[in-house]
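Colleague: Questions regarding the structure given below will be posed in turn.
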Amino acid sequence: MRTLIELFYIILGLGVALVMTWAAAWAYPLARTEIWWCGAAAMLATVVMGIGPLHRAHIADRLARRHAES
């Protein structure tokens, strides 16, 4: 369950970054390309920063499953 929650947070972060990037590119079309590059970097950072918590959540779920089985 913890793993699904962490995945939800990563997907939510990607969605928010996408919407903010789209809105900024729409609001300032002269810098559309640069804005999308910055948005892509923010999305990449969201995924990279989510890997650690996702890994820890997966380990915690696995340990909880083992404890419940024994």
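The values are calculated or read from the model by the stated rules, or taken from the named source; none is laboratory data. Quick caveat: nothing in here was measured; it's all calculated off a predicted structure. Here Cβ is always computed from backbone atoms with ideal geometry, including for glycine, and neighbour counts include all displayed protein chains. These area figures cover heavy atoms from the full protein model, side chains too; ligands, DNA and RNA do not enter into them. Shrake-Rupley method; radii C 1.70, N 1.55, O 1.52, S 1.80 Å.
Colleague: Measure off, as a whole percent, the carbon and sulfur share of the 1.4 Å-probe accessible area of the chain, all protein chains present.
Modeller: Values: 4120 of 5540 Å².
Heavy-atom surface of the chain belonging to carbon and sulfur, 1.4 Å probe: 74 percent.
Colleague: Per the helix-only calculation at 222 nm, which mean residue ellipticity applies to the chain, given -39500 (n - 2.57) for every DSSP H run of n ≥ 4 and division by its residues, nearest 500 deg cm²/dmol?
Modeller: After summing the helix terms and dividing by the residues of the chain, the value is -33000 deg cm²/dmol.
Colleague: Report the percentage of all Cα-Cα pairs in the chain whose separation exceeds 13 Å, rounded to a whole percent.
Modeller: Details: 1625 of 2415 pairs.
Here the long-distance tail beyond 13 Å is 67 percent of all Cα pairs in the chain.
Colleague: Continuing with the same structure: Please find the FRET efficiency linking R65 to L14, where r is the Cβ-Cβ separation and R0 is fixed at 35 Å, and quote it to the nearest 0.05. Please list the in-between numbers first.
Modeller: Details: r = 28 Å, r/R0 = 0.79.
For R0 = 35 Å, the calculated efficiency reads 0.80.
Colleague: How much accessible area per residue does the chain have, in Å², with a 1.4 Å probe? Each step should come with its number before you reach the end.
Modeller: Numbers: 5540 Å² over 70 residues.
Using a 1.4 Å probe on heavy atoms only, each residue of the chain averages 79 Å².
Colleague: If you don't mind, there's one more thing I want to ask. In degrees from 0 to 90, rounded to the nearest 10, what is the angle of the helix 2-27 Cα long axis to the longest principal axis of the chain?
Modeller: For 2-27 against the chain, the angle is about 0 degrees.
Colleague: Would you calculate the separation in nanometres between label points at L7 and R32, each defined as 7 Å from the Cα along the Cα-to-beta-carbon direction?
Modeller: 3.5 nm
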